[in-house]
Amino acid sequence: MDFTAILSDSSTMRPLILSGKVLAVSGLLQILLGIPLACWLARSHGTLNNIMDTAVTMPLVFPPVAMGFGLLLLLGRSGPMSPLFGDNIIFSFPGLVVAAFIAGLPLAVKPIQAALKSAEAARLSEVAAVLGKSETVILLRVLLPYAKRSIAAGMLLALGRSLGEVGMTLMLGGNIIGRTNTLSLEIYNSVFNGEFERAIVLSMIIGAVSVAMFVVLKKVSDN
């Protein structure tokens, strides 16, 4: 097996670069949207909170292909969200980002939410409130620094989950060769076409990235 030749081939590099771009954008969205959402879920109550909490958790328990089909109906040309987004999401790069973001969202949100709802976080919040700090200051200067390890762990878990996503990516991206075939989908394509050596190389790449993420996660958890 010529690892270098397979890795340098354009049909291997394109999915690799595409997956890197998807992870970069979805990771940014996890930071910009996932962290505030986790804070809101941890500090609010009521029916809306329960609905949002259920929606965030759903990708963990619902089959990815079925979840992707639901998103396809929602965001597709005839879906209720089509007037807002048009044809710019389905079978395109934004569709891949949506799939990666949704897949990783519960793993980003849940660790942060749990940390902010812990007894220690409640105690720190009470002490800060007694000292006259506002809710915003308590969140930004007390609770988020307290939850920094959970935030880092959540981001890493979300990226790992997004990297390995197949079902939703297939539904929203369409697995179009040269356009929306991410690294995970390309492993499937290689096996389907009988290119087992190429599938091994691609699997080794994902495995190496996953191990690296695990090592970083381990260090974050131990510190």
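So, of the residues in the range 121-141 that are assigned to a helix (DSSP H, G or I) and of a type in the set (K, R), which turns out to be nearest to A38 (Cα to Cα)?
Here is the first cut: in the range 121-141, the residues assigned to a helix (DSSP H, G or I) are 121-130, 135-141.
After this cut, where a residue has to be of a type in the set (K, R) as well, the list is 123, 141.
Details: R123: 19, R141: 16 Å.
Among them, the one singled out is R141.
Of L96, L107, L144, which residue is modelled with pLDDT of 90 or more, assigned to a helix (DSSP H, G or I) and touching a Lys or Arg at 6+ places or on another chain (Cβ under 7 Å)?
Exactly one of L96, L107, L144 is modelled with pLDDT of 90 or more, assigned to a helix (DSSP H, G or I) and touching a Lys or Arg at 6+ places or on another chain (Cβ under 7 Å), namely L107.
If I ask for residues that are within 13 Å of M168 (Cα to Cα) and not in a loop (DSSP other than H, G, I, E, B), which ones from the range 75-92 would you list?
Passing the criteria: only L75.
Mind checking which residues of the range 144-163 are of a type in the set (S, T, Y) and under 20 Å from A208 (Cβ atoms)?
If the condition is that a residue be of a type in the set (S, T, Y) and under 20 Å from A208 (Cβ atoms), then S162 is the only one that fits.
Based on this model, can you work out whether I138 counts as at negative phi and surrounded by fewer than 19 Cβ atoms within 10 Å (Cβ to Cβ)?
Criteria not met by I138.
Kindly establish whether P63 is under 20 Å from the mean Cα position of the chain (by Cα), buried (at least 18 other Cβ atoms within 10 Å of the Cβ), touching a residue at least 40 places away in the same chain (Cβ under 8 Å) and closer than 18 Å to G160 by Cα.
Answer is no for this residue.
Within the set of pairs 6 or more residues apart or between chains, which connect a residue that is under 19 Å from G95 (Cβ atoms) inside the range 8-24 to a residue that is surrounded by fewer than 13 Cβ atoms within 10 Å (Cβ to Cβ) with Cβ atoms less than 8 Å apart?
Correct list of pairs: R14/G178.
The values are calculated or read from the model by the stated rules, or taken from the named source; none is laboratory data. This one's a predicted model, so the numbers in the text were calculated from it and none came from an experiment. Every residue, glycine as well, gets a Cβ built from its backbone with ideal geometry; the counts of neighbours run over all protein chains shown.
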